[in-house]
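As C-alpha cells, the structure follows; a few thoughts come after it.
The values are calculated or read from the model by the stated rules, or taken from the named source; none is laboratory data. Being a predicted model, the structure only gives us computed values, none of them experimental. FYI the Cβ positions are ideal-geometry reconstructions off the backbone, even for glycines, and counts take in every protein chain you see.
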C-alpha cells in the first residue's frame, strides 16, 4: 500500500510540532499508544554500553558476549549456564529496576484519556508505572513469565521467586542444577515466554488482552483517533508501525504521531495526518506535559 517514499519530519518547527501534538492529545476521542524498545532506551535501560558492562562483564569475558540482546541467543553448554544468564538478565530488567521517567510522563499525559497501549516491550514498565493493565497488550511476552520449551500446553508461569533464588545462588556463571525449571506437564525444560520462534505460548491472558485491543479499535472506528508511536524500530514493523499507518490512511479523522530519535518517519500517503518528531522520547514527553 505504501511506497518507500517517506517524510521524515512534519512541516513546521519543533515547537509547532509539540503544539500540534498537544492539541491532538487534548482533543482526540481516543489514543492508541504503540511502544517499542526506544521507549525503554530513552529511560536509560540500554542493553549495551556501560549498563551491560556493569552487570555482565563476567559473561563478556567468558563468552565474548557484547550486549544483553545477543546474550539471550548464545549457545550455552548447559542449562545451568543458560539460566545463570537469563536469571540475571530477568532480574536486572524486570525486578531490580525502577520505573523509567518516560513511562510516568506518558501516564500523566493520558491517564484521563480513553487510551490503549500496544507494545512489543517485555520489561513490565507500563505496569510498574501504573497503567491500567486492562488497557495493555504485551504482544511479545513478558520477562516475568516462563513456558514449556516444547509448548506442550498453553500456560505460562510466574518466575520471580525462582529467578531471585537463581541470582542469589549462582556461582562461576552457573546456577545449582536443582533450580533448573521443568515443565510440570511433560517434564521438558522451561524457557522464557518471549516471541522468538514458533513455540511462543499465547496463554489465556494474551488472548484476553488481544481481544480487548481489537474491541478498542473496533469501538473507535472512524472517530478522531491519535495513533501515538513511541520508539518503534524496523525489527517488527508489522505489529505496530504498519497497522498504525494503515488505520490512519483509512480514517480521515485520525492522526499518526511518531516520536523516535533518528527514526521518525511516515509515508507520504498520510503526510497531512502525520506528526514526526525526531527527538528523544523522554524530552518530548516532558515538553508535552
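Scanning segment 159-196 for residues that are loosely packed, with under 15 Cβ neighbours inside 10 Å, in contact (Cβ under 8 Å) with a residue 60 or more places away in the chain and over 25 Å from the mean Cα position of the chain (by Cα) returns 176, 177.
The lone criterion from (1) within 25 Å of residue 191 (Cβ to Cβ); (2) touching a strand residue (DSSP E or B) at 6+ places or on another chain (Cβ under 9 Å); (3) touching a residue at least 12 places away in the same chain (Cβ under 8 Å) left unmet by residue 33 is number (1). Could you say whether any residue in segment 226-233 is at negative phi and at pLDDT below 95? Looking for residues that are at negative phi and at pLDDT below 95, one finds at least one in segment 226-233, hence yes. So for segment 248-259 (the condition being modelled with pLDDT under 95, surrounded by 15 or more Cβ atoms within 10 Å (Cβ to Cβ) and closer than 20 Å to residue 40 by Cα), does at least one residue qualify? No, the conditions are met nowhere in segment 248-259.
Of the helices (runs of 4 or more DSSP H) lying entirely inside segment 1-120, the ones with 3 or more residues being exposed (fewer than 13 other Cβ atoms within 10 Å of the Cβ) and under 24 Å from the mean Cα position of the chain (by Cα) are found at 49-63.
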